[in-house]
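The next block holds one structure in the form of C-alpha cells; read it before the comments.
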Amino acid sequence: MLALDDENLARFVLHFKQAGWVPVLPLPFDTLLDSNKRADWIANRNLRVFAIHHPKKNAMTLDVLLVTPIPVQQIVAQAVSLPIFGEKVCVASIDDLIQMKSAVGRPVDLSDVAALKKLKSV
C-alpha cells in the first residue's frame, strides 16, 4: 500500500524510475504525481490501479492502488515485509489483498482473489 501524499509519491516515482520500472499504460511515470490527473482517472476512466512493471522482469507487475476500500492504517498494521528483487517491500496481508482486489473487480484481480483464497486454505 502506497500512501498517496506528494512527498511519498515523489520518492516512489524517483526510486522506481531510477530502477528502470515504467507504467504499464502509455503514460509518463510523472503523471502519477498529479493529484488532479489521479482524480480524473478515478472519476472519468474508472482507473483504480496505476500498474508499473520492469521491462526486463516481465513476470512482475506492481499495482499502485488509487482507491482502497480499507483504511491505510489497517493495511499497514497487518502488512508483511518481503524481499522483492533485492528491495524490502511491505505487502498487504492476504485478507486485505482479497478485500482490495475484490473491490477493484478487474478479471485479473478476481482471478488473484481465487488464488489467494486457495493459498490461504493451505
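Of the residues that make up segment 29-47, is at least one under 11 Å from the mean Cα position of the chain (by Cα), among the acidic types (Asp, Glu) and either under 22 Å from Arg11 (Cβ atoms) or exposed (fewer than 12 other Cβ atoms within 10 Å of the Cβ) (or both)? Spell out the reasoning first.
At the first step, the residues of segment 29-47 found to be under 11 Å from the mean Cα position of the chain (by Cα) are none.
Among the residues of segment 29-47, not one is under 11 Å from the mean Cα position of the chain (by Cα), among the acidic types (Asp, Glu) and either under 22 Å from Arg11 (Cβ atoms) or exposed (fewer than 12 other Cβ atoms within 10 Å of the Cβ) (or both), which makes the answer no.
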- Considering segment 11-30 alone, what residues qualify as being farther than 14 Å from Glu87 by Cβ and either among the polar types (S, T, N, Q) or outside any helix (DSSP H, G or I) (or both)? Val22, Pro23, Val24, Leu25, Pro26, Leu27, Pro28
- Message: Please pick out the residue among Leu82, Leu25, Leu33, Leu2 that is modelled with pLDDT under 85 and hydrophobic (A, V, I, L, M, F, W, C).
- Response: Leu2
- Within segment 89-105, can one find any residue that is exposed (fewer than 12 other Cβ atoms within 10 Å of the Cβ) and either of a type in the set (A, V, I, L, M) or on the phi < 0 side of the Ramachandran plot (or both)? no
- Query: Does Leu4 satisfy being in a helix (DSSP H, G or I), at negative phi and under 16 Å from the mean Cα position of the chain (by Cα)?
  - Reply: no
- Message: One residue is enough: does segment 75-87 have a residue meeting the conditions over 14 Å from the mean Cα position of the chain (by Cα) and at positive phi?
- Response: yes
- Query: Any residue at all in segment 51-67 that is surrounded by fewer than 16 Cβ atoms within 10 Å (Cβ to Cβ), among the small types (Gly, Ala, Ser) and touching an Asp or Glu at 6+ places or on another chain (Cβ under 6 Å)?
  - Reply: yes
- Message: Which of the numbered conditions does Asp63 fail, given that it passes all the others? Conditions: (1) free of Cβ contacts under 8 Å to residues at least 24 places away in the same chain; (2) more than 22 Å from Arg38 (Cβ to Cβ); (3) in contact with a Phe, Trp or Tyr (Cβ under 9 Å, 6 or more places away or on another chain).
- Response: (2)
- Note on the structure: Among Asp40, Asp30, Asp63, the single one that is under 15 Å from Leu2 (Cα atoms) and among the acidic types (Asp, Glu) is Asp63
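The values are calculated or read from the model by the stated rules, or taken from the named source; none is laboratory data. Quick caveat, the model's predicted, so the values are computed rather than measured. For neighbour counting, all protein chains shown are included, and Cβ atoms are generated from backbone atoms with ideal geometry for every residue, glycine included.
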